[in-house]
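To start, the structure under review is shown below, and the notes come after it.
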Amino acid sequence: MPLPEFQLYQPRSAAQAAAWLAAMPQARLLAGGTDLIPAMQQGLCAPPQVIELSRARDLENIEFFPDGGARLGAGAKLARLEAEPELARRFPALAAAVESVASPLQRGLGTLGGNLCLDTRCRWYNQSWSWRRACGFCLKKDGEVCHVAPGGRRCWAAYSGDAAPALLALGAELELAGPGGTRRLPLAGFFSADGARPLRLAAGELLAAVLLPGESAGWRGAYRKFRVRGSIDYPLAGLALALQIERGRIRQGRAALTAVHPAPVLIAGAEALLAGADPRDPQLAGELARLARQAAKPLSTSSLTPAYRRDILAVYARRALAELAAPA
């Protein structure tokens, strides 16, 4: 599957990348390339220009602040974050999610920003051109029908990034760079929940950094991911849980899901449920499992049934809570 022809641009800063992206609206950004290159080979996209970010060193900076917070450059390699002890100490939920991404080879190439900006996936979409043509294409690319939900006009391809649910549970924000400067956005506002156009980015904007608040530093965290193989594969269902536990009680906590909706989502009601609770309470585990199953809205975008993916998230909710309730 050869690559289509394109012009390659290599900016030396985030600002230059944003300026070029604004001037070339059909261009695509390339960081590690573990998602974009296969998509180009499959004919899912053929950008006339590719803006390759490896020379924009300001996108790779990692800073840990005295208040406990952090600023993680979008261009930071996942392998670098995986090996960073301060990240594991302050934000173990994110460290666990990063460690679960694909395999060591992909983590050595892939970046935090690339993982957050992953395109949505579907068994009707992530196929070769000839396979998709035989099925009449789909609503996300070249066709007019969503094979997952044929009666509607919405794409239900699933978002399958691993870092996003952990970052949602930790209350992260994003720093976006554009032609007019930078702006901050809560992570939840970055995702549109539309499988065809999953990200909310203005013209010329790119993800520059992830901002983690100091108040989430030190929270216990866990990430559970279901996939067909033990490495390489994207999640078919994933759950992140982050808890602030003091004197045997949960002071604050949040839980989030991935791969069961066109966007990563916080589990509705989990924060109120967890506040003040005893993490060892079996009724708490059962209620959190119920909320996880209720929040999951998977459709037939993968080889597994939606019912199984909902059920496994309920199991993961119980297991993650049990892990974090154990003595530190």
Fill in the blank from the handout: Log entry, pairs with first residue in the range 1-27 being under 16 Å from GLU205 (Cβ atoms) and aliphatic (A, V, I, L, M), second being assigned to a helix (DSSP H, G or I) and at pLDDT 95 or above, beta carbons closer than 6 Å, six or more apart or on different chains, reads ALA14/ASP58; ALA14/LEU59; ALA27/LEU21
Fill in the blank from the handout: Of the residues in the range 30-80, those that are basic (Lys, Arg) and closer than 17 Å to GLN16 by Cα number 2
Completion exercise
ALA314 passes all but one of the listed conditions (1) under 24 Å from ALA157 (Cα atoms); (2) open to solvent by less than 60 Å² (accessible area, probe 1.4 Å); (3) in a loop (DSSP other than H, G, I, E, B); the exception is number (3)
Practice task
Please name all residue pairs, on different chains or six or more residues apart, with Cβ atoms under 6 Å, provided the first residue is in the range 241-258 and is under 12 Å from LEU168 (Cβ atoms) and the second residue is among the basic types (Lys, Arg) and open to solvent by 10 Å² or more (accessible area, probe 1.4 Å).
Solution key: ALA242/ARG254
Handout entry: Failed item, numbered, when GLY152 is tested on (1) assigned to a loop (DSSP other than H, G, I, E, B); (2) at pLDDT 95 or above
Key = (2)
Exercise for the section: Could you give me the residue pairs with C-beta distances under 8 Å whose first residue belongs to the range 304-328 and is closer than 15 Å to ALA97 by Cα, whose second residue is of a type in the set (Ser, Thr, Tyr) and surrounded by 15 or more Cβ atoms within 10 Å (Cβ to Cβ) wherever it lies, and which are 6+ apart or on separate chains? Expected result: ALA320/TYR223
Problem - Residue satisfying condition, being among the small types (Gly, Ala, Ser), touching a Phe, Trp or Tyr at 6+ places or on another chain (Cβ under 6 Å) and surrounded by fewer than 18 Cβ atoms within 10 Å (Cβ to Cβ), within set ALA166, ALA149, ALA157, ALA97 - result: ALA149
Completion exercise
ALA102 vs (1) closer than 30 Å to SER300 by Cβ; (2) touching a helix residue (DSSP H, G or I) at 6+ places or on another chain (Cβ under 6 Å); (3) touching a residue at least 60 places away in the same chain (Cβ under 8 Å): all pass except (2)
Exercise for the section: Could you please give the count of residues in the range 268-285 that are in a helix (DSSP H, G or I) and surrounded by 14 or more Cβ atoms within 10 Å (Cβ to Cβ)? Expected result: 6
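The values are calculated or read from the model by the stated rules, or taken from the named source; none is laboratory data. These numbers were taken from a predicted model, which means no experiment stands behind them. Ideal geometry is used to build each Cβ from the backbone, glycine not excepted, and the neighbour counts take in all protein chains shown. To get the accessible areas, we keep the full protein, side chains included, count just its heavy atoms, and leave off ligands, DNA and RNA. Shrake-Rupley method; radii C 1.70, N 1.55, O 1.52, S 1.80 Å.
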